[in-house]
Amino acid sequence: MTNRKYEYLKGFNGHFEIALYVDTFEEVDKEYTRIIAQGGHPVLEPTTEPWGQRTCYIADPEGNLVEIGSFNRPFERKTDFNGVQ
């Protein structure tokens, strides 16, 4: 989907990945910059993907991947088939 070839990067442990959602594209860029300034390891700079998501990847101190992404709108909780959120 991203027209990129993926392989696990050397120096990363690959045991864990977490994805975090923010409301705007600007927040993706801001949080990426803030975390890198505090010593986070850059993996993928903020990029707007063809399907409309802006995303970036950072590695934590243990080498786990952290994704920060947004569809440029507030998170919307969906209900299940019983109307329960």
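The values are calculated or read from the model by the stated rules, or taken from the named source; none is laboratory data. Worth saying up front: this structure is predicted, and the values here are computed from it rather than measured. Heads up, the Cβs are rebuilt from the backbone with ideal geometry, glycines too, and the neighbour counts pull from every protein chain shown. Remember, those area values only see protein heavy atoms, side chains included, never the ligands or the DNA or RNA. Shrake-Rupley method; radii C 1.70, N 1.55, O 1.52, S 1.80 Å.
Brief remarks follow.
- Sorting Thr48, Thr55, Thr24 by solvent-accessible area of protein heavy atoms yields Thr48, Thr24, Thr55, largest first, with a 1.4 Å probe.
- Thr47-Glu76 pseudo-label distance in nm [points 7 Å out on the Cα-to-Cβ vector]: 2.7 nm
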